[in-house]
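Visitor: Would you mind keeping the following structure in view while I ask a few things?
The values are calculated or read from the model by the stated rules, or taken from the named source; none is laboratory data. What you see is a predicted model, and the numbers here were worked out from it, not measured in a lab. Backbone-built Cβ (ideal geometry, glycine too); neighbour counts: all protein chains shown.
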Amino acid sequence: MTDLPSETVSLHEHVDLPEVKPLITHHRRLSVCCSTCGTRVVAPVPEAARGTPFGPRLHAVATYLKTFQALSYERLQGALSDLFGLTLSQGGLMNLLRRAQGCFAEGQVSAVSSLRQAEVIASDETGVRIEGSTAYHWVFHS
C-alpha cells in the first residue's frame, strides 16, 4: 500500500505559547564568627547581586506595557503577576522604569530636535486615567 500516490488534503495546526516563568537567581552572603575572639566577618556582596534586581528582559516588558499599552502602576503590577507570577511593588516598578529612561535619552533629543526644525507640526491628545484622574498623553508628528 505504500506505493499508492498521496496528496495533502488539509493541514491542522495547534498554536500555543510556551510557559513563561521568571528566572530567579539567589545570591547568599554568609557571615562567620571567630570562636576565639567572637569577631563577626561578613562576606562582601557578590558583583552579580549589585545594582538592580531586575534583568533587561523584565525592564523591556515593563517599559513596553507601561509606555505603549498605557497601563497604570496598579494594572502593570497585576499584569506582571498574572503573566509571570511576579510580585513587584509600585515603588520597585517606578524605579525600574526610571532606570530604563536613560536608554531613550538619545532618541528623545533627536525627536525634539526634529520637531523644532519642522515646518508643520501636528499634535493629538489621548485621554488616559492616571491614579483615578483624567490626564492626557500628547503625540507630536512632523
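Visitor: Of all residues in region 114-142, which are outside any strand (DSSP E or B), surrounded by 10 or more Cβ atoms within 10 Å (Cβ to Cβ) and not β-branched (Val, Ile, Thr)? Reasoning before the result, please.
Guide: Keep residues of region 114-142 that are outside any strand (DSSP E or B), which gives 114-121, 131-132, 142.
Okay, now just the ones that are also surrounded by 10 or more Cβ atoms within 10 Å (Cβ to Cβ), so 114-115, 118, 121, 142.
Of everything in region 114-142, those that are outside any strand (DSSP E or B), surrounded by 10 or more Cβ atoms within 10 Å (Cβ to Cβ) and not β-branched (Val, Ile, Thr) turn out to be Ser114, Leu115, Ala118, Ser142.
Visitor: Return yes when Arg98 is surrounded by fewer than 14 Cβ atoms within 10 Å (Cβ to Cβ) and under 30 Å from Val128 (Cβ atoms) and no when it is not.
Guide: Working: surrounded by fewer than 14 Cβ atoms within 10 Å (Cβ to Cβ): yes; under 30 Å from Val128 (Cβ atoms): yes.
Criteria met by Arg98.
Visitor: Of all residues being within 30 Å of Trp138 (Cβ to Cβ) and charged (D, E, K, R) in region 34-81, which is nearest to the chain's Cα centre (by Cα)? Just the residue, please.
Guide: From region 34-81, those within 30 Å of Trp138 (Cβ to Cβ) are 52, 54, 56-80; that's our starting set.
Pick out the ones that are also charged (D, E, K, R) and you get 57, 66, 74-75.
On the way: Arg57: 6, Lys66: 8, Glu74: 14, Arg75: 13 Å.
Only one residue tops the list, namely Arg57.
Visitor: Here is a follow-up. Note down all Cβ pairs under 9 Å where the first residue falls in region 67-93 and is exposed (fewer than 14 other Cβ atoms within 10 Å of the Cβ), the second is part of a helix (DSSP H, G or I) and polar (S, T, N, Q), and they're at least six residues apart or on different chains.
Guide: That search, which allows pairs on different chains as well, returns Glu74/Gln90; Thr87/Gln77; Thr87/Ser81; Ser89/Gln77; Gln90/Gln77.
Visitor: Now for a separate question. Has region 14-33 got at least one residue that is surrounded by 10 or more Cβ atoms within 10 Å (Cβ to Cβ), in a loop (DSSP other than H, G, I, E, B) and under 14 Å from the mean Cα position of the chain (by Cα)? Don't jump to the end; show me each part of the working.
Guide: Taking region 14-33 and keeping what is surrounded by 10 or more Cβ atoms within 10 Å (Cβ to Cβ), we get 22, 27, 29, 32-33.
Okay, now just the ones that are also in a loop (DSSP other than H, G, I, E, B), so 22, 27, 29.
If we keep only those that are under 14 Å from the mean Cα position of the chain (by Cα) as well, we get 22.
There is at least one residue in region 14-33 that is surrounded by 10 or more Cβ atoms within 10 Å (Cβ to Cβ), in a loop (DSSP other than H, G, I, E, B) and under 14 Å from the mean Cα position of the chain (by Cα).
Visitor: Taking interchain pairs and intrachain pairs at least six residues apart, which have beta carbon atoms under 6 angstrom, with the first residue in region 115-142 and farther than 22 Å from Lys66 by Cβ and the second of a type in the set (Asp, Glu)?
Guide: Filtered contacts from region 115-142: no entries.
Visitor: Only one of (1) free of Cβ contacts under 8 Å to residues at least 12 places away in the same chain; (2) surrounded by 12 or more Cβ atoms within 10 Å (Cβ to Cβ); (3) more than 28 Å from Thr25 (Cβ to Cβ); (4) not charged (D, E, K, R) is not met by Pro53, so which one is it?
Guide: (3)
Visitor: Right, next: Answer yes or no as to whether Arg50 is of a type in the set (D, E, K, R) and at pLDDT below 90. Walk me through how you get there before you give the answer.
Guide: Details: of a type in the set (D, E, K, R): yes; at pLDDT below 90: yes.
Criteria met by Arg50.
Visitor: Does Thr63 fit the bill of being loosely packed, with under 10 Cβ neighbours inside 10 Å, of a type outside the set (Lys, Arg) and within 22 Å of Lys21 (Cα to Cα)? Break it down into steps so the answer makes sense when it comes.
Guide: Numbers: loosely packed, with under 10 Cβ neighbours inside 10 Å: no; of a type outside the set (Lys, Arg): yes; within 22 Å of Lys21 (Cα to Cα): yes.
Criteria not met by Thr63.
Visitor: Would you say Ala105 is within 12 Å of the chain's Cα centre (by Cα) and part of a helix (DSSP H, G or I)? Before the answer, list the steps.
Guide: Values: within 12 Å of the chain's Cα centre (by Cα): no; part of a helix (DSSP H, G or I): yes.
Against the criterion (within 12 Å of the chain's Cα centre (by Cα) and part of a helix (DSSP H, G or I)), Ala105 does not qualify.
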